[in-house]
Each structure stands twice: as C-alpha cells, then as structure tokens.
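Below you'll find the structure, written out as structure tokens, and then a few comments.
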Amino acid sequence: MKKAGKRIKREKRAVGLMIQLYCRHNHPGHEGICAECAELLAYAHKRLDGCKYGEDKTTCGKCRTHCYRPEMRMKICKVMRYSGPRMLFRHPLIALGHIFAGLRKPRDPSHSS
C-alpha cells in the first residue's frame, strides 16, 4: 500500500469529522460513532487510499471518476449534505480547505510522472 500524502490525509480528516458530526446528531446514544457510520468511514478511507488521482485529486464530489458503490455514494452524499454547512461553524479551516480543494480539477493520472 502506498503512503498517504498531505492531501489524502486532509481529505480523510475532513470526511471523518463530517461523518462524526452527522452521526452525533442523527444516531444519538453511541460512544463515538455507530457501526453503520464506522463502516462508511472505513469505506471512505479505503477509497481515498486507492484514489487513482492521489495527491492531484479534487474532492470526491467533484471527481470525474466515481469509485463509490451506489449505496455508499448515497450514504456519503447524505452525510455531506448535512455536515457540509455545519462544518463552516464547527471546523472552519478544514471546511474552507475542503471547499478550495473542490475548485481543483484532477490531473489525468496517466500523465503524472
């Protein structure tokens, strides 16, 4: 497995905080996050680890290659719709970094050196 760079680590942190925020408000009564959200987080991290764009990636929502299974894509979209606006108040620097990362266009991985 290749070592995750700064961008992938930042994306993992952002998605982790978003899932945590979503779970805390929509699945109360758990220490940490519930099993369903933990599964989604592990899946998101696995997809980030295998991202063909690597450090040249944009955010997953803006990516031309949708690597999530349809049911997991629906779940992560639901989390993002809920957590995205709230992240500006809870974790403003991470939210702004995520917004700026979404403005990037991914480079074609076949042209990277």
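The values are calculated or read from the model by the stated rules, or taken from the named source; none is laboratory data. No experiment lies behind these values; they were computed from the predicted model shown. With ideal geometry, Cβ positions are generated from the backbone for all residues, glycine too; neighbour counts draw on all protein chains shown. To get the accessible areas, we keep the full protein, side chains included, count just its heavy atoms, and leave off ligands, DNA and RNA. Shrake-Rupley method; radii C 1.70, N 1.55, O 1.52, S 1.80 Å.
For residue 82, indicate whether it is in a helix (DSSP H, G or I) and either modelled with pLDDT under 90 or touching a Phe, Trp or Tyr at 6+ places or on another chain (Cβ under 9 Å) (or both).
yes
Please enumerate the residues belonging to the range 32-67 that are of a type in the set (Val, Ile, Thr) and over 16 Å from residue 98 (Cβ atoms).
33, 65
Restricting attention to the range 13-40, and to residues there that are free of Cβ contacts under 8 Å to residues at least 60 places away in the same chain, open to solvent by 40 Å² or more (accessible area, probe 1.4 Å) and within 15 Å of the chain's Cα centre (by Cα), which single residue is nearest to residue 69 (Cα to Cα)?
By that ranking, first place goes to 39.
Can you tell me which condition residue 39 does not meet? The list is (1) at pLDDT 85 or above; (2) among the charged types (D, E, K, R); (3) not in a helix (DSSP H, G or I), and all the others hold.
Among (1) at pLDDT 85 or above; (2) among the charged types (D, E, K, R); (3) not in a helix (DSSP H, G or I), residue 39 violates only (3).
Got a sec? Which of 40, 48 is in contact with an Asp or Glu (Cβ under 7 Å, 6 or more places away or on another chain), among the aliphatic types (A, V, I, L, M) and on the phi < 0 side of the Ramachandran plot?
48
Considering the range 52-65 alone, what residues qualify as being modelled with pLDDT of 80 or more and open to solvent by 80 Å² or more (accessible area, probe 1.4 Å)?
Hit for the range 52-65 is 52, nothing else.
Quick grid of which residues meet (1) of a type outside the set (Lys, Arg); (2) under 26 Å from residue 96 (Cβ atoms); (3) in a helix (DSSP H, G or I):
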position	(1), (2), (3)
7	no, yes, yes
14	yes, yes, yes
18	yes, yes, yes
23	yes, yes, yes
30	yes, no, no
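Do we find a residue being among the acidic types (Asp, Glu) and either at pLDDT 80 or above or surrounded by 15 or more Cβ atoms within 10 Å (Cβ to Cβ) (or both) anywhere in the range 99-109? Talk me through it step by step, then tell me what you get.
Here is the first cut: in the range 99-109, the residues among the acidic types (Asp, Glu) are 108.
Checking which are either at pLDDT 80 or above or surrounded by 15 or more Cβ atoms within 10 Å (Cβ to Cβ) (or both) leaves us with none.
Checking the range 99-109: not a single residue is among the acidic types (Asp, Glu) and either at pLDDT 80 or above or surrounded by 15 or more Cβ atoms within 10 Å (Cβ to Cβ) (or both).
Given the conditions (1) open to solvent by 70 Å² or more (accessible area, probe 1.4 Å); (2) in contact (Cβ under 8 Å) with a residue 12 or more places away in the chain; (3) closer than 20 Å to residue 82 by Cα, which single one is not true for residue 6?
(3)
Identify, by number, the condition in (1) in contact with a helix residue (DSSP H, G or I) (Cβ under 7 Å, 6 or more places away or on another chain); (2) closer than 15 Å to residue 25 by Cβ; (3) free of Cβ contacts under 8 Å to residues at least 60 places away in the same chain that residue 61 doesn't meet.
Condition not satisfied by residue 61: (2).
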